[in-house]
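Q: This is the structure I have questions about; it appears just below.
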Amino acid sequence: MEEINGIILAGGESMRMGQNKAFLRWGEGTLIESIINKLEALFCTVFIVAKHSRDYSQLGTKILKDSFPGEGALVGIYTALLHSPGWVFVTGCDTPFLNTELIQYMCHSRRGYDAVVPCPGISPPDGWEPLHALYSRRCLKVVEKQLKKRDFKVMHLFSEIKVRKIGLKEVRRFDPELLSFFNINTPQDWEKAGQLL
């Protein structure tokens, strides 16, 4: 089986939060430290993709700077694929309730596909969760072509590659409350996360 790297996208500006949400206190450390710990339990290599590497240098995790001019998650996915020999599992720096069993199930479901993406139908407009997904290096040229057209929407990639869709029933086997896809964008989200914890 090809190697899988764990990737944390930390390129957002956290405008709605008012501070870098990656460093919000979570448990005995910070939010991003908890995510690093979960991914390190699953994958041999974990990278942070960030616009400003100095912000994360104290974490001791390898940092990749965006490798394509532009904004958004697709640029981060491109950077991750560029530095990975096989597959990448991509998540954001603001996802406190990652479910390792679901991630493992997704990893075991990747054979014969270019990507493995949950689609439980809870996120508008189309229900996909592209920032809790696996992407093969085979996607690299397709992503690069899309970026060169200045199309930064991750979902547009899915019509050009072979995607293993993880539906609602499959997700609920491991994560009945669908907390894997809960992310923190606002102080209200942060308050709710604390209540859920």
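Just so it is clear, none of the values below were taken in a lab; they were calculated from the coordinates. None of the values given here were measured: they were computed from a predicted structure. When we count neighbours, we look across all protein chains shown, and the Cβ atoms used for this are built from the backbone with ideal geometry, even at glycine.
Q: Hey, which aspartates and glutamates would be in cross-link range of residue 51, C-alpha to C-alpha under 20 Å, not counting anything within fewer than 8 residues on its own chain?
A: Hits, sequence-local ones excluded: 13, 33, 66, 71, 94, 144, 151.
Q: Can I ask one more? Peptides 98-110, 61-73: what's the order by average Cβ count within 10 Å, highest mean first?
A: On the way: 98-110: 17.1, 61-73: 14.8.
Ranked from most to least packed, the peptides come out as 98-110, 61-73.
Q: For each of 128, 87, count neighbouring Cβ atoms within 10 Å of the residue's Cβ, then give the residues from fewest to most.
A: Values: 128 19, 87 26.
In order of increasing Cβ crowding within 10 Å: 128, 87.
Q: Roughly how many debye, to the nearest 20, is the charge dipole of the stretch 4-196 about its Cα centre, given +1 on each Lys and Arg Cβ, -1 on each Asp and Glu Cβ, and no other charges? Mind showing how you got there, number by number?
A: Working: 25 positive and 20 negative charges, 152 e Å.
I would put it at about 720 debye.
Q: Still on this structure, please answer the following. For residue 165, go through the aspartates and glutamates and keep the ones whose alpha-carbon is under 15 Å away, minus same-chain ones fewer than eight residues off.
A: Cross-link targets: 114, 126, 129.
Q: Can I ask one more? Which chymotrypsin sites (Phe, Trp or Tyr not before Pro) does the stretch 133-189 hold that lie in a coil by DSSP with at most 16 other beta carbons within 10 Å?
A: Details: sites: 135, 152, 158, 174, 181, 182; in loops: 152, 182.
The qualifying sites are 152.
Q: For the stretch 71-159, treating each Cα as an identical point scatterer without solvent, what Debye log10 I(q)/I(0) comes out at q = 0.12, 0.14, 0.16 1/Å?
A: Debye output, listed in q order: -0.35, -0.48, -0.63.
Q: So who's got an amide H within less than 5 Å of the one on residue 9, skipping anything under 5 residues away but keeping other chains? H placed 1.01 Å off N, in plane.
A: Correct list: 49, 91, 92, 93.
Q: Also, quick follow-up: Using amide H atoms built in the peptide plane, which far-off residues or other-chain residues are under 5 Å from residue 45 H to H?
A: 6
Q: Per-residue HN-Hα couplings for the stretch 153-159, Karplus 6.51 cos²θ - 1.76 cosθ + 1.60 at θ = phi - 60°, whole Hz, x for Gly and Pro?
A: 3J(HN,Hα) across the stretch 153-159, in whole Hz: 7, 4, 4, 5, 5, 5, 6.
Q: I've got another one for you. Between residue 196 and residue 141, what is 0.36 nm times their sequence separation minus the Cα-Cα distance? Round to one decimal in nm. Please list the in-between numbers first.
A: Values: separation 55, 0.36 × 55 = 19.80 nm, distance 4.00 nm.
Length difference between fully extended and current span is 15.8 nm.
Q: Which shape class, rounded, prolate or oblate, goes with the stretch 119-158 when its Cα gyration tensor gives a ≥ b ≥ c as root eigenvalues, a/c under 1.5 marks rounded, and past that a/b bigger than b/c marks prolate? All intermediate terms of the calculation are to be shown ahead of the outcome.
A: Numbers: a/c = 3.58, a/b = 1.62, b/c = 2.21.
Oblate shape, in that a/c is at least 1.5 and b/c is the bigger or equal ratio.
Q: Of (i) 9, 38, 40, 13, 0; (ii) 9, 33, 31, 17, 7, 2, 0; (iii) 9, 36, 35, 17, 3, 0, which is the value of P(r) over Cα pairs in 10 Å bins from 0, in percent derived from the coordinates here?
A: It is the value labelled (i).
Q: Moving on to the next point. What does the C-alpha gyration tensor say about the overall shape of the stretch 8-118? Classify as rounded when a/c is under 1.5, otherwise prolate if a/b is larger than b/c, or oblate. Intermediate results must be reported in sequence, preceding the final value.
A: Values: a/c = 1.72, a/b = 1.23, b/c = 1.39.
Judged from the Cα gyration tensor, the stretch 8-118 comes out oblate (a/c at least 1.5, b/c at or above a/b).
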